[in-house]
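The values are calculated or read from the model by the stated rules, or taken from the named source; none is laboratory data. Fair warning: this is a prediction, and the values are worked out from it, not measured in the lab. Note that each Cβ is placed from the backbone with ideal geometry, even for glycine, and that neighbours are counted across all protein chains shown.
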Amino acid sequence: MYEDHIETLRSSIAPVELIVAGLIVEYLDMERAINTMKTLCLPQGKLVILLQNPSETMPPVSPSPNARLEILALFMRLRRACDVFSSCQAAGFTFLASRQIALDSGKAFSILTFSP
């Protein structure tokens, strides 16, 4: 397991078979991050992206007893699955699968899987 800032990758990480980008494209320069992930994914590898779908009726950050979580909304840019799909294709990824998850709370998420 590796951890680094995906937009400015400072360490030398060898390409890997699986990249899981869970709830991060909402906070990054999406194109830059996806292009970096492309360089980190082995030819037989997979990129799996989990993203929170935008909603006209739900706030991006759910109310919480921890009021400090609300500051996340200032930095969060929810992305539509079709925009992430387009950015991944532009970076050279091939679409493999998608899945939608709807929570009882009304929030919805997309899981997108790609190969390089």
When segment 33-61 is examined, which residues are found to be farther than 18 Å from residue 95 by Cβ, surrounded by 14 or more Cβ atoms within 10 Å (Cβ to Cβ) and of a type in the set (Val, Ile, Thr)? 36, 61
Please go through segment 91-115 and pick out each residue that is outside any loop (DSSP other than H, G, I, E, B) and more than 19 Å from residue 38 (Cβ to Cβ). 99, 100, 101, 102, 108, 109, 110
Note: among 92, 106, just one is surrounded by fewer than 15 Cβ atoms within 10 Å (Cβ to Cβ), of a type outside the set (Phe, Trp, Tyr), more than 30 Å from residue 17 (Cα to Cα) and touching a residue at least 24 places away in the same chain (Cβ under 8 Å), namely 106
Condition first: of a type outside the set (Gly, Ala, Ser) and in a loop (DSSP other than H, G, I, E, B). Can you find one or more residues in segment 82-90 that meet it? no
Would you mind stating whether residue 34 is at pLDDT 90 or above, aliphatic (A, V, I, L, M) and part of a helix (DSSP H, G or I)? yes
Every residue in segment 62-72 that is over 15 Å from residue 24 (Cβ atoms) and either touching a strand residue (DSSP E or B) at 6+ places or on another chain (Cβ under 8 Å) or surrounded by 11 or more Cβ atoms within 10 Å (Cβ to Cβ) (or both), please. 62, 69, 70
Of everything in segment 73-85 that's without any contact (Cβ under 8 Å) to a residue 40 or more places away in the chain and either loosely packed, with under 14 Cβ neighbours inside 10 Å or touching a helix residue (DSSP H, G or I) at 6+ places or on another chain (Cβ under 7 Å) (or both), which residue is farthest from residue 52 (Cα to Cα)? 74
